[in-house]
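One structure is given below, encoded as structure tokens.
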Amino acid sequence: MPIQPSTLPARGLFHFAFHVTDLDAARRFYGGVLGCTEGRSTDTWVDFDFFSHQISLHLGEPFKTTRTGRVGEHLVPMPHFGLVMRLPDWQALAARLQAAGMDFVLPPQCRFEGQPGEQWTMFFCDPFGNPIEVKGFASTDAIFAT
């Protein structure tokens, strides 16, 4: 029986599966540094609750990236994945990463200050070179502001 539209959540959750080269190192980073809860796993993959979304880390060669994404005056790794958070949660994560000695591609900073879509952003890579951007917004209304 198909799911009725009225039973679907207003917003979906994403699932992203990608490669890492060491599951124990992945557990230390995603579970320890980022604070994500581990889910199911086998000897070749592990799932994490990535801030209410599902990521699946599989043993293999991480995807290639190049610094071709222009963010202001900076070039950031492409492709990358990320997360949008409310500003207080973003600030707490930024402080956690700074305390852990994260080597940022783009350190925590404000972008588009005083403009529509004002946001805080930071870029970093996991231990396997997978780039991650995390954005923080004071109001969710600003996420798609033009």
Please enumerate the residues belonging to region 38-70 that are β-branched (Val, Ile, Thr) and more than 14 Å from the chain's Cα centre (by Cα).
Thr42, Thr44, Val46, Thr65, Thr66, Thr68
Looking only at region 29-59, which residues are free of Cβ contacts under 8 Å to residues at least 60 places away in the same chain and assigned to a helix (DSSP H, G or I)?
Gly31, Gly32
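Hey, can you tell me all the residues within region 64-76 that are in a loop (DSSP other than H, G, I, E, B) and at pLDDT 95 or above? Steps first, please.
We begin by selecting, within region 64-76, every residue in a loop (DSSP other than H, G, I, E, B); these are 64-65, 72-73.
Result: Lys64, Thr65.
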Can you tell me which of (1) surrounded by 13 or more Cβ atoms within 10 Å (Cβ to Cβ); (2) within 23 Å of Met78 (Cβ to Cβ) is the one Cys110 doesn't meet?
(1)
Can you name every residue in region 90-136 that is among the acidic types (Asp, Glu), modelled with pLDDT of 95 or more and more than 23 Å from Ala17 (Cα to Cα)?
Asp103
For region 50-81, how many residues are surrounded by 15 or more Cβ atoms within 10 Å (Cβ to Cβ), within 21 Å of Met122 (Cβ to Cβ) and touching a Ser or Thr at 6+ places or on another chain (Cβ under 6 Å)?
1
Which residues, counting only those in region 81-104, are touching a strand residue (DSSP E or B) at 6+ places or on another chain (Cβ under 8 Å), over 24 Å from Phe144 (Cα atoms) and aliphatic (A, V, I, L, M)?
Leu97, Met102
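Restricting to region 19-39, give me the number of residues that are small (Gly, Ala, Ser) and either buried (at least 17 other Cβ atoms within 10 Å of the Cβ) or in contact with a His (Cβ under 9 Å, 6 or more places away or on another chain) (or both).
Of the residues in region 19-39, 1 are small (Gly, Ala, Ser) and either buried (at least 17 other Cβ atoms within 10 Å of the Cβ) or in contact with a His (Cβ under 9 Å, 6 or more places away or on another chain) (or both).
Yes/no matrix, rows are residues, columns are (1) touching a Pro at 6+ places or on another chain (Cβ under 7 Å); (2) closer than 20 Å to Phe14 by Cβ:
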residue: Asp49; (1), (2): no, yes
residue: Lys64; (1), (2): no, no
residue: Arg67; (1), (2): yes, no
residue: Gly72; (1), (2): no, no
residue: Pro88; (1), (2): no, no
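The values are calculated or read from the model by the stated rules, or taken from the named source; none is laboratory data. Just so it is clear, the structure is predicted and the values come from calculations on it, not from any experiment. Note that we place each Cβ from the backbone using ideal geometry, even for glycine, and neighbour counts take in every protein chain shown.
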